[in-house]
Structures are given as C-alpha cells and as structure tokens.
1. Given the options 59, 50, name the one that is over 30 Å from residue 100 (Cα atoms) and at pLDDT 90 or above.
2. What pairs come out if I take residues in segment 122-149 that are under 18 Å from residue 91 (Cα atoms) and pair them with residues that are open to solvent by less than 30 Å² (accessible area, probe 1.4 Å) and part of a loop (DSSP other than H, G, I, E, B) whose C-beta lies under 7 Å away, six or more apart or interchain?
3. Name the pairs whose Cβ atoms lie under 6 Å apart, with the first residue in segment 40-64 and farther than 15 Å from residue 92 by Cα and open to solvent by 10 Å² or more (accessible area, probe 1.4 Å), the second not aliphatic (A, V, I, L, M) and not in a helix (DSSP H, G or I), and 6 or more positions between them or separate chains?
4. Got at least one residue in segment 102-114 being of a type in the set (Phe, Trp, Tyr), within 15 Å of the chain's Cα centre (by Cα) and buried (at least 17 other Cβ atoms within 10 Å of the Cβ)?
5. Check off (1) open to solvent by less than 60 Å² (accessible area, probe 1.4 Å); (2) assigned to a helix (DSSP H, G or I) for residue 155 and give me the number that stays unchecked.
Amino acid sequence: ILTILSHSVAKRLGDASFWTGLKQLREDWNLTTADTASLVCNSMAKRLDRPSFHAALRRLRTDWCIDKTDLKKLMCNAVAMRIEDDVFWTFLTDLQATWKFTKKDLCTFISGCVVARLEDVASFHAGLQRLRQEWGFDKDDLRKFICNGAAKRLGNDEFHASMQRLKLDWGFTKKNLVSFMCGGVASRLGDEDFHKAMQDLKTTWGFTKEDL
C-alpha cells in the first residue's frame, strides 16, 4: 500500500471512477496487490478512468505480447502520458519494422527521455538512422547506447559530428562508442574543453580508447 500512494493516487482515493479503473486494470492484467502497487504511477493514476487508456494497454498485449511483468518494466509517467497517442504507436511500429524489436528490446529501450523525443519524432528518427548508417548499429547496440543524455541529443548534428571526432581522434569503433556513452559524456560532446581534456588524457597520461 505504501508504494502506491503517489501524489496523483492520493488525490483520487475518494473518486469512484478511480476505483472502477483500478479494478479494470487488475482484471485485465491479473494483478496482485504487489503488482498494482509497483505499476501505478502518477500519470497512470490520472488516466485510469479512461476506456481509451485501458484499450491502449491491451493493445500492448495484442501487438507486442506484453504480460504484466513486461508492463511493470515498460510503464513510467511518460509512457502513460503518450500511450493513447497515434505517434506513440507509429514509433513502436517503426522500432518493430526497422530495428526488429521484440518486447524484451522494447522494455529495455523505452524510457522517459526516449518518449519525450516523440515531440520531435522526425528528428529522433533521423538520429537513430544515422547511428545505423554511420556506425552500423543494430538493436542490441542501440539498447546499450541509449541513455537520457544521448536520447536528448540524438537529432543534434553537433552530437553526431562529435562522435565522428572520437572515431578520428581515438579510433573509436562501434563497440567503443557503445561502452563509452553515458549521460555525462553525451552532455559534453561538442564542448571544446571536453575534447581538449580528452586529448590531454591521451598525450599526458597515455590513455588509449580501451582505458576510457
């Protein structure tokens, strides 16, 4: 019970439609009390009285064979906010068709920052394709590479140019890039001070790409 009492849940405890929606969720997904407590987030609580929201959840089961364990991994505030939108489903279809995503891939790739990029989905798609074209990414590389910082900058030309600079300056391969990327790195790529400091690691300290 303690883990379910988010701000939005607390606000709706006296709302009969919330309880009806919660019952529907439990019946549709065969949820236990523990399942329910770990699944229901703020944005989900706000939408539990919408038939369209429950229909979208069921579509995950139909289109992706999502079960309740998968749903708990996939669901977050951002997903709950966008799951009724056509652009969300078009994006998932593209992941399935272009990248051959399975439900396991989907559950490890989708995050709040990835879903946030659906506000500019054309730019995000273009960034994903550049990873495929310029680095030879497959879906496993993509899942390992993506982080909040990388998702935010994936449509940015400077970001891609800076990754190419790592290839020129350090001899980065796809494997190096995937293991090197994190939120902090993504936020600094293109910053000249960062690249100068990287060069200092090489010339002064003898670092190689395997040391980074």
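The values are calculated or read from the model by the stated rules, or taken from the named source; none is laboratory data. Please read all numbers here as calculations on a predicted model, not as lab measurements. A quick note on method: Cβ atoms are made from the backbone with ideal geometry, for glycine too, and the neighbour counts reach across all protein chains shown. With ligands, DNA and RNA removed, areas are computed over all heavy atoms of the protein, side chains included. Shrake-Rupley method; radii C 1.70, N 1.55, O 1.52, S 1.80 Å.
1. Exactly one of 59, 50 is over 30 Å from residue 100 (Cα atoms) and at pLDDT 90 or above, namely 50.
2. 124/154; 127/154; 128/154; 131/137; 139/99; 139/101; 142/99; 147/181
3. So the pair list comes out as 42/6; 52/84.
4. So far as segment 102-114 goes, yes, one or more of its residues are of a type in the set (Phe, Trp, Tyr), within 15 Å of the chain's Cα centre (by Cα) and buried (at least 17 other Cβ atoms within 10 Å of the Cβ).
5. Result: residue 155 passes all but (2).
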